[in-house]
Amino acid sequence: MKDSILVINCGSSSLKFAILANAGQTTLVEGIADRLGSAGSSITFKYEGQKSEIPLTDGSHKNAVSQIKEWLKSHTEIESSLVGIGHRVIHGGETFSESVLIDQNVIDGIEKCAKFAPLHNPAHLKGIEVAFELFPGIPQVAVFDTAFHQTLEPEQYLYPIPMKLYREHHFRKYGFHGTSYRYISQQLAKTVPSSDEQGVLVAHLGNGASVCAINKGKSSDTSMGITPLEGLMMGTRSGSLDPGLISFIRQAEGISAQEALDILNKESGLLGISELSNDCRTLEEAMEKGDEKALLALNMFAARAAKHLASVATTLESIDHLVFTGGIGENSSYLRQVICQHLKALNINIDSTLNTEAPRGESSNITAVHSNTNVWIIPTNEELMIALDTINLIQD
Ligand code: ADP
């Protein structure tokens, strides 16, 4: 069938890609080019269960996309089925409330939003430029992490700071992980069609973590803000804290505001508290061996996740469903259990056996019989969502 989509997630030093076919249901090949821009960069292809790694001569984004093109030349059946390219774009600002076919206006719009995502958006633009150059004639689509949250009311998205700063500079909450939340909302509606008319909480817990309230299919509040630093404690990010702390850190350490922000973005969260790792699995192993800082880090993560779930739930009429997703949400029965313990006052309860025995990589219902809210684990699939948006837009 002629419906393969190349999905590209182009970061500043890495480029993840996948080719999905069969209406996005089959991943034909996937891979990652990393250490772009520095010596020793390479691209890995995972195809038919085999991994192969090719060194990149100049380590550029163009070099990485050229290798994908070369690979396709030796897999002509896949090459000839390629009909579109979908790009993940982190920040769409207030300009993009849905996925769009990329033209010069869209490129200008992504560039305009780069002030809010100075590392990501320029890298996405590089990926888009190179893809246009190397795959001429193939339509390309941009799918934005922020788009799903454009339905938030001003009460939720405005910061209580002088309005002038919003009017003149568009400083507001944007939210992220929107593609994942849209996917989860659709997956839940496949199992429970009425969920589209109900109140849904989603906890997307990975190295980056956020929560979202979805009221009747639309995002009504989310925990991340103008950048992904706000909200939950994460792998290396602190999440929300008193902004006054930044000036104390600056003075105490004799560093700039940017360096203080780097501490909050890169050295805090699970890593900062455990002084061991940002990785949940590593911390769970350490906790089982009696590491108290790992235990504290995980318990703080859970307490904060629960607090933000309760906070965004204030935009719902009822909490009918709670969904766990992302690497941690899908796999850590310990954190799911502690988070739900904190939500007992809201009568959200999970069945401990269903929770610990939940099959990996599949959706499951882990609700306790006496719970007011249905609790689910649903694996997210942002690549599939990007491929489906691309198929829809190139068919119009
Ligand atoms: P991101 O996309 O934000 O980089 P992921 O969604 O891939 O992150 O999630 C990565 C996190 O999921 C890591 O902290 C990792 O330890 C955790 N994780 C993955 N598998 C497990 C597991 N079996 N048990 C506990 N945590 C896990």
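The values are calculated or read from the model by the stated rules, or taken from the named source; none is laboratory data. Fair warning: this is a prediction, and the values are worked out from it, not measured in the lab. Here the Cβ is made from the backbone with ideal geometry for all residues, glycine too, and neighbour counts use every protein chain on show. These area figures cover heavy atoms from the full protein model, side chains too; ligands, DNA and RNA do not enter into them. Shrake-Rupley method; radii C 1.70, N 1.55, O 1.52, S 1.80 Å.
For the subset of the range 332-362 comprising residues that are touching a Cys at 6+ places or on another chain (Cβ under 8 Å) and within 11 Å of the ligand (Cβ to nearest atom), which member is nearest to Tyr183 (Cα to Cα)?
This residue is Ser332.
I'd like to verify a number: residues in the range 339-389 that are surrounded by 18 or more Cβ atoms within 10 Å (Cβ to Cβ), assigned to a helix (DSSP H, G or I) and not acidic (Asp, Glu), how many?
Qualifying residue count, the range 339-389: 10.
Just one of Leu283, Leu270, Leu295, Leu276 is of a type in the set (A, V, I, L, M) and closer than 30 Å to Cys113 by Cα; which is it?
Numbers: Leu283 fails: closer than 30 Å to Cys113 by Cα; Leu295 fails: closer than 30 Å to Cys113 by Cα; Leu276 fails: closer than 30 Å to Cys113 by Cα.
Matching residue, one of Leu283, Leu270, Leu295, Leu276: Leu270.
For Lys173, which of the numbered conditions (1) open to solvent by 30 Å² or more (accessible area, probe 1.4 Å); (2) under 19 Å from Lys115 (Cβ atoms); (3) touching a residue at least 12 places away in the same chain (Cβ under 8 Å); (4) not hydrophobic (A, V, I, L, M, F, W, C) fails to hold?
It is condition (1) that Lys173 fails.
Among the listed residues Ser41, Ser60, identify the single one that is closer than 20 Å to Phe135 by Cβ, surrounded by fewer than 23 Cβ atoms within 10 Å (Cβ to Cβ) and among the small types (Gly, Ala, Ser). If you could, list the steps in order and put the result at the bottom.
Working: Ser41 fails: closer than 20 Å to Phe135 by Cβ.
It is Ser60.
Test Ile246 against the stated conditions and say whether it is farther than 27 Å from Gln156 by Cα and modelled with pLDDT of 95 or more.
Working: farther than 27 Å from Gln156 by Cα: no; modelled with pLDDT of 95 or more: yes.
Spelling it out, it is not the case that Ile246 is farther than 27 Å from Gln156 by Cα and modelled with pLDDT of 95 or more.
Give the range 124-167 a look and list any residue that's more than 30 Å from Asp221 (Cα to Cα), of a type outside the set (Val, Ile, Thr) and open to solvent by less than 60 Å² (accessible area, probe 1.4 Å), or say none.
Across the range 124-167, the qualifying residues are Gly127, Ala131, Leu134, Phe135, Pro139.
So for the range 94-115 (the condition being surrounded by 21 or more Cβ atoms within 10 Å (Cβ to Cβ) and either touching a Cys at 6+ places or on another chain (Cβ under 9 Å) or free of Cβ contacts under 8 Å to residues at least 12 places away in the same chain (or both)), does at least one residue qualify?
Looking for residues that are surrounded by 21 or more Cβ atoms within 10 Å (Cβ to Cβ) and either touching a Cys at 6+ places or on another chain (Cβ under 9 Å) or free of Cβ contacts under 8 Å to residues at least 12 places away in the same chain (or both), one finds none in the range 94-115, hence no.
Only residues that are within 16 Å of the ligand (Cβ to nearest atom) and touching an Asp or Glu at 6+ places or on another chain (Cβ under 6 Å): list them for the range 178-211, please.
Those that are within 16 Å of the ligand (Cβ to nearest atom) and touching an Asp or Glu at 6+ places or on another chain (Cβ under 6 Å): Gly178, Thr179, Ser180.
Among the residues that make up the range 301-318, is at least one of them in contact with a Phe, Trp or Tyr (Cβ under 6 Å, 6 or more places away or on another chain) and either open to solvent by 10 Å² or more (accessible area, probe 1.4 Å) or away from the ligand (no atom under 14 Å from the Cβ) (or both)? Lay out the reasoning, then the answer.
Kept after step one, since they are in contact with a Phe, Trp or Tyr (Cβ under 6 Å, 6 or more places away or on another chain), are these residues of the range 301-318: none.
Taking every residue of the range 301-318 in turn, none turns out to be in contact with a Phe, Trp or Tyr (Cβ under 6 Å, 6 or more places away or on another chain) and either open to solvent by 10 Å² or more (accessible area, probe 1.4 Å) or away from the ligand (no atom under 14 Å from the Cβ) (or both).
Being open to solvent by 20 Å² or more (accessible area, probe 1.4 Å) and closer than 26 Å to Pro118 by Cα, is that true of even one residue in the range 186-204?
No, every residue in the range 186-204 fails to be open to solvent by 20 Å² or more (accessible area, probe 1.4 Å) and closer than 26 Å to Pro118 by Cα.
Hey, Ile394 hits all of (1) more than 16 Å from the ligand (Cβ to nearest atom); (2) over 27 Å from Leu6 (Cα atoms); (3) outside any loop (DSSP other than H, G, I, E, B); (4) open to solvent by 40 Å² or more (accessible area, probe 1.4 Å) but one; which does it fall short on?
Unmet for Ile394, out of (1) more than 16 Å from the ligand (Cβ to nearest atom); (2) over 27 Å from Leu6 (Cα atoms); (3) outside any loop (DSSP other than H, G, I, E, B); (4) open to solvent by 40 Å² or more (accessible area, probe 1.4 Å): (2).
List the number of the failed condition for His91; all other conditions in (1) open to solvent by 10 Å² or more (accessible area, probe 1.4 Å); (2) touching a Cys at 6+ places or on another chain (Cβ under 8 Å); (3) modelled with pLDDT of 95 or more hold.
Here His91 clears every test but (1).
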